[in-house]
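What follows is a short report on a single structure.
The values are calculated or read from the model by the stated rules, or taken from the named source; none is laboratory data. This one's a predicted model, so the numbers in the text were calculated from it and none came from an experiment. All Cβ positions, even for glycine, are placed from backbone atoms using ideal geometry, and neighbour counts span all protein chains on display.
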Amino acid sequence: MVVVAYAPTNVSGTSIKDTFQSLLFGCLKVVPHVDKVVVLGDFNAELGYGWESSTSVASQHHLHHGKAPFNNGECFLDLVTSFGLRMAKTFFPH
């Protein structure tokens, strides 16, 4: 299954971001565990620091070292951790 999404920006209201997260979580929950899942999109997420505790889903090659994580970054990290996904972009140097 391929899921394509465009997340609200960090300056969007909390209710808009919560609705987006709920819809995306709901979409991924119905995918059978035996299916392969690819999630593509612009998640307007900056990991900042704090990703180190999630090295199974993210790596050091993201572009936002030293910054505090934004809400979208924390939500996206929760999403990929919850569904056993990986942030592919962070595993390769830019």
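Using the structure shown, decide if residue 20 is in contact with a Pro (Cβ under 8 Å, 6 or more places away or on another chain), closer than 17 Å to residue 83 by Cβ and not in a loop (DSSP other than H, G, I, E, B). Write out each step before concluding.
Details: in contact with a Pro (Cβ under 8 Å, 6 or more places away or on another chain): yes; closer than 17 Å to residue 83 by Cβ: yes; not in a loop (DSSP other than H, G, I, E, B): yes.
Judged against the criteria, residue 20 is a match.
Inside region 6-21, can you point out the residues that are over 15 Å from residue 73 (Cα atoms) and within 13 Å of the chain's Cα centre (by Cα)?
Scanning region 6-21 gives no hits.
Sort out which residues of region 1-11 are modelled with pLDDT under 90 and either small (Gly, Ala, Ser) or within 16 Å of residue 80 (Cβ to Cβ) (or both), and write them in order of number. Full working, then the answer.
Step one: filter region 1-11 for residues modelled with pLDDT under 90, giving 1, 9-11.
Selection gives 1 alone.
Mind telling me which of the residues 41, 26 ends up being at pLDDT below 90 and either more than 13 Å from residue 89 (Cβ to Cβ) or within 12 Å of the chain's Cα centre (by Cα) (or both)? Step through it out loud before you land on a result.
On the way: 26 fails: at pLDDT below 90.
Criteria check complete, one pass: 41.
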